[in-house]
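Encoded as structure tokens, the structure appears first; notes follow it.
The values are calculated or read from the model by the stated rules, or taken from the named source; none is laboratory data. None of these values were measured; they are calculated from a predicted model. Glycine gets a Cβ as well: all are built from the backbone with ideal geometry, and neighbour counts include every protein chain shown.
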Amino acid sequence: MNDSLKATFFAECEDLLEALSSGLAVVSEGAHDAETVNAIFRAVHSIKGAAGAFALTDLVNFAHRFETVLDRIRSGTLEIDAEVLRIITRSSDVLADLVEAAQSESGAIPEAMDGLVQSLTDLGEAPAAGGAAAADAFAFEPVAFAPICLDLPAAERVFHVAFTPHRALYENGHEPARLFAALAELGAVEVRCDTSRLPELDRLDPAESYLSWTIVLRGDIAEGRILQVFSFVEGLCDLTVDLVDEGVPHEPPALLVHESDGTDKGGAHMAPVDTPAPAAGPVGAAPGGAPKAARPATPGQPAAAPAATLRVDPERVDKLINTVGELIINHAVITQKVIASGIPQNSDLMADLDDYRHLAREIQEGVMAIRAQPVKPLFQRMARIVREAAEATGKDVVLVTEGEATEVDKTLVERLADPLTHMVRNAVDHGIEPAERRAAAGKPLPATVRLSAAHRSGHVQIEVADDGGGLNRERVLQTAIAKGLVSPDAKLSEAEIDNLLFLPGFSTASTVTNLSGRGVGMDVVKTTITSLGGRLTIASEPGRGSVFTISLPLTLAVLDGMVVSVGSETMVLPLASIVETVRPRPGDFMPIGPTGTLLSIRGAFVPVVCLGDVLGLGRHEIDASRSILVLIRTETGSQVALAVDGISDQRQVVIKSLEGNYRAIQGISAATILGDGKIALIVDPDAVVAMASQTPPLSPLADMEFHNDRRAAAG
Amino acid sequence: MTDVQPQDDAGATEFVSLVAGKQSFCIKITEIREIRRWTPVTSLPHAEHAVLGVMNLRGTVIPIMDLAAKLGLGSIEPSTRHVIVVVAVQGRTIGLLVESVSEILTVTNDMVRETPAVRREDATRCIRGLVEVEGDLSRILDLGALLGGEREEAA
Amino acid sequence: MTTVLAIDDSLTIRQLVSQTLEAAGFSVTTASDGREGLVAFDKARFDAVITDVNMPNLDGFGVIEAIRNGTTNRRVPILVLTTESGAELKDRARRAGATGWIVKPFDDTALIDVLHRLTGGQARQ
């Protein structure tokens, strides 16, 4: 079996599993119709059918049991109650696991499988209905026709076959001649046609069957083989097969032939029978007739009706996106050069350049749209995570999703899977209180985890909210102090305490259960989101629950930024975090502590952070006469003024990963290429503020070697 | 891992020889993507000493390393006389700043001598063999060890 | 060349059938559901049709009935490809007008042999 076929199979499985889980979601809402159940059945059925081709026995067997149950639901002999729903939902999970195991060739058997097999078998066996259907295994032999034949390697036997086709035999596309040809493969045949029932030509019904045949077949043939030839026409003809000579070795059997009919002259070969059957048979059935000319010159033409979707290798789209990014940069380069050459702004050339920009943007949007994908499949996966987490913790939790149709870049969808999984598990594991505590607080059961997606002013916002007990800030703070992440006498705001969750080293074995798992803490979630150019914030209310909000740029490729200069370097600040820019007057500054500076703005005091300092790009004094301050809002909601040396531009930039060839850099989220072809780094303002505040202590800067495994960083 | 794999039927491998820190090195030609003149780079915050910054290679951001500094042979003050050898190693593209690139060597396995184990330091650890060229020794660079090896060992 | 129309909603099966049959010298056209299959059927004259049973839009029995009750090439051999093997299903297939059936997972040679048998091509090349 070739690999491309396998790849097709697994890609198809992915689609089918998605269809399965969509269908199950509808069913679980209690709003299913026959077509939904049909679609679910078909998904499992198709997986089973194709899996068989690859001899994926575990998968086929499990799918078969699953399908049997679904078939009962489809036919209305099994009602979907809560228990049935639970079993089929868990079965869909196991099916997905089996597909994954098959793909990775791990041979792993999902833990839950054995239990489910039993449940499915129980459900599959109709108590009232004839249980025979379930027992019907994968046999190819026709049932009614299968006298058990022991194929004794006997010598030549002689069979008499009497064959009278019914009209339906022809209607089903059969040709007696072809059956005889098949018999001829078994042994020597003599065929005799009986035309005695043929009416006069004027009374002849072309569709009726008037002919019958007797065949003498000889050879070392088991009777079963003969019946097999006729297996497709069972019920469409009168057929008798008689063994007339047991076949004593070397005995000449010729006698029998003459005995049966002495008048036969031309029936011994295929050619004569071909023509008479059935008298004026429809032209279509005659092989090699005139209709052949009507065939298109290229019979192997592609599928006449192409599917509504197009499968494209994602790499091709990525390449296209990259090239379009280059095109946009190229536009910027040309524009800059044209301006530098002194051509007036209102010239035709500038107008043409503007058209160029529009076209490039249009192409970009179009290409981006190819990769746009609803978050639905991602959310559906989370339903499973909630189920598993709820089962493992013994909590009663439902997942409510909103905005499933929200479209985001495919790459985003993929890269969000891990962080979202972690957040959802966390919500069930840590967010939702145990049932007794909920009951005591008078809160409803089941508990709810709400997953929502929405577009908000050029961003995608994804929220994971639970209606649990909210963050235990006291415990969070104690943990952070115990781990030396904050000093014991630190005075932290509620938002600051909440954000301690995102500190590297906050999550430990004692707080990360096996469930929340994989030893990944919220800090890794945060890092991943940041590397995607997004932000992660938390809001929590005691007794009411917590909301984690991920805000992401619509695409990975473009960011609205402000181009600033820091010393000799040019950098980009994401516009999303910028509140305003301030040109301070000397009186606006107020020193605090040995090195700190505060900016007084509209009666409030905002800490000033020198961007160049933090990033180690030489020493910078905050010079009231030269510095420009960019006021940013951090993820905790507080404001910080970043001091830079100049602001040159505000524009969209194409995001280029630094991690691809280098590694993640603290304080920097990515890079971009400016109009002059130079690289500018894109600043991660929150990381810069965190670095400046020294709470938490910075991770050792000496640890700035190349990453051997980039994925380790993305978690 | 440290073998010099034959690249063609004759069991010979082609190397590009270059000079960094006044020593001669060579890199397997199949590991080299291109060779270009030095152009100014964008500095990276808190980068290790040998990392000079990043450069735009036709739309891709690649880090540029001072090979001499990386090997502990003192650093190069880059100028347009210097050359960047763009290499691909472990799926990443990296530029190496060197003093000059001299020639292409065809090396057969029997020409390669093992590196005498003198001291465990970068300069020798990243060298997987020596090859004699016209009376001069050129060091065969093990890019995997040079650019990714530390992590692997530490892990 | 013997031309075959293969109708199956599973891309994997479509590819598998195409590859198997094309390697055996057949020319194969595919369609991904019953309705599409009938559209394709009307566009060319096929020597045989292979169809899945469970498909969206129009199932395999629907396809067979439509072909048998149609006006062109109505006696084309139709092979049903199915995972089920119950006698009941065979009866149903036969009543609907199927020429033969083969149970998935199928053996390459079995499929080719059956097709040769139904189309009158030479068995085993």
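For this structure, a couple of remarks:
- When we screen B:Thr13, B:Thr2 for residues that are at pLDDT below 90, over 22 Å from B:Glu77 (Cβ atoms) and in a strand (DSSP E or B), the only hit is B:Thr13.
- All positions within segment A:64-92 that are small (Gly, Ala, Ser) and modelled with pLDDT of 85 or more: A:Ser91, A:Ser92
- Qualifying positions in segment C:14-51 - surrounded by fewer than 24 Cβ atoms within 10 Å (Cβ to Cβ), closer than 17 Å to C:Leu118 by Cα and of a type in the set (Ser, Thr, Tyr): C:Thr20, C:Ser27
- Test result for A:Leu95, buried (at least 22 other Cβ atoms within 10 Å of the Cβ) and either at pLDDT 85 or above or over 26 Å from C:Thr12 (Cα atoms) (or both): yes
- Residue check, C:Arg74 surrounded by fewer than 23 Cβ atoms within 10 Å (Cβ to Cβ), assigned to a helix (DSSP H, G or I), at the interface with chain A (Cβ under 7 Å from one of its Cβ atoms) and modelled with pLDDT under 85: no
- A:Ile215 in contact (Cβ under 8 Å) with a residue 40 or more places away in the chain and either closer than 26 Å to C:Ala98 by Cα or within 14 Å of another protein chain (Cβ to nearest Cβ) (or both): yes
- Which listed residue, of A:Val26, A:Val60, A:Val69, is without any contact (Cβ under 8 Å) to a residue 24 or more places away in the chain, more than 17 Å from the chain's Cα centre (by Cα), part of a helix (DSSP H, G or I) and within 20 Å of C:Lys104 (Cα to Cα): A:Val60
- Selection within segment B:29-53 - within 14 Å of B:Pro78 (Cβ to Cβ) and part of a strand (DSSP E or B): B:Arg36, B:Arg37, B:Thr42, B:Val51, B:Leu52, B:Gly53
- Filter pass, A:Ser46 being part of a helix (DSSP H, G or I), among the hydroxyl-bearing types (Ser, Thr, Tyr) and either within 23 Å of A:Arg381 (Cα to Cα) or modelled with pLDDT of 85 or more (or both): yes
- Residue within segment A:457-472 that is touching a Gly at 6+ places or on another chain (Cβ under 8 Å), assigned to a loop (DSSP other than H, G, I, E, B) and among the acidic types (Asp, Glu) present: yes
- Picking from residues in segment A:212-230 that are part of a strand (DSSP E or B) and of a type in the set (Gly, Ala, Ser), the one that is farthest from A:Gly173 (Cα to Cα) is A:Gly219.
- Among (1) surrounded by fewer than 19 Cβ atoms within 10 Å (Cβ to Cβ); (2) closer than 30 Å to B:Gly59 by Cβ; (3) hydrophobic (A, V, I, L, M, F, W, C); (4) modelled with pLDDT under 85 - the single one B:Ile104 does not satisfy: (4)
- Residues in segment C:14-50 that are facing chain A (nearest Cβ under 10 Å) and in contact (Cβ under 8 Å) with a residue 60 or more places away in the chain: C:Val17, C:Thr20, C:Phe26, C:Asp47, C:Ala48.
- Test: A:Asn708 is on the phi < 0 side of the Ramachandran plot, in a loop (DSSP other than H, G, I, E, B) and at pLDDT 80 or above: no
A quick yes/no check of all residues on (1) within 12 Å of chain B (Cβ to nearest Cβ); (2) outside any strand (DSSP E or B); (3) at pLDDT 75 or above:
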site: A:Ala643; (1), (2), (3): no, no, yes
site: A:Gln650; (1), (2), (3): no, no, yes
site: A:Gly677; (1), (2), (3): yes, yes, yes
site: A:Val689; (1), (2), (3): no, yes, yes
site: A:Pro700; (1), (2), (3): yes, yes, no
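- Figure legend. Inter-residue proximity from segment A:320-335: first residues facing another protein chain (nearest Cβ under 9 Å), second residues in a helix (DSSP H, G or I) and surrounded by 19 or more Cβ atoms within 10 Å (Cβ to Cβ), beta-carbon distance below 9 Å, spacing 6+ or different chains. Indicated pairs: A:Thr323/A:Val367; A:Gly325/A:Gln364.
- The set of residues in segment C:77-97 being assigned to a loop (DSSP other than H, G, I, E, B) and touching a Ser or Thr at 6+ places or on another chain (Cβ under 8 Å) consists of C:Pro77 alone.
- A:Val614 meets the conditions (1) crowded, with 17+ Cβ neighbours inside 10 Å; (2) within 14 Å of chain B (Cβ to nearest Cβ); (3) free of Cβ contacts under 8 Å to residues at least 60 places away in the same chain; (4) not acidic (Asp, Glu) in every case but one. The failed one is (3).
- Subset of segment A:106-145 (residues that are part of a loop (DSSP other than H, G, I, E, B) and modelled with pLDDT of 75 or more): A:Ser106, A:Ala108, A:Ile109, A:Pro110, A:Glu111, A:Ala112
- Some residue of segment A:53-60 being at pLDDT below 85 and closer than 17 Å to C:Asp52 by Cα: yes
- The condition of being β-branched (Val, Ile, Thr), facing chain A (nearest Cβ under 7 Å) and within 26 Å of A:Tyr170 (Cβ to Cβ) does not hold for C:Val80.
- Qualifying residue in segment C:51-62 (condition: among the hydrophobic types (A, V, I, L, M, F, W, C), in contact (Cβ under 8 Å) with a residue 12 or more places away in the chain and within 8 Å of chain A (Cβ to nearest Cβ)): yes
Per-residue answers, yes or no, for (1) crowded, with 17+ Cβ neighbours inside 10 Å; (2) part of a helix (DSSP H, G or I); (3) over 27 Å from the mean Cα position of the chain (by Cα); (4) not aromatic (Phe, Trp, Tyr):
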residue: A:Val367; (1), (2), (3), (4): yes, yes, no, yes
residue: A:Ala390; (1), (2), (3), (4): yes, yes, no, yes
residue: A:Lys395; (1), (2), (3), (4): yes, no, yes, yes
residue: A:Val408; (1), (2), (3), (4): yes, no, no, yes
residue: A:Arg425; (1), (2), (3), (4): yes, yes, no, yes
residue: A:Asp429; (1), (2), (3), (4): yes, yes, no, yes
residue: A:Leu451; (1), (2), (3), (4): yes, no, no, yes
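- Any chance A:Thr636 is outside any strand (DSSP E or B) and more than 13 Å from chain B (Cβ to nearest Cβ): yes
- Failed criterion for C:Leu11 (all others in (1) free of Cβ contacts under 8 Å to residues at least 24 places away in the same chain; (2) at the interface with chain A (Cβ under 7 Å from one of its Cβ atoms); (3) surrounded by fewer than 20 Cβ atoms within 10 Å (Cβ to Cβ) hold): (3)
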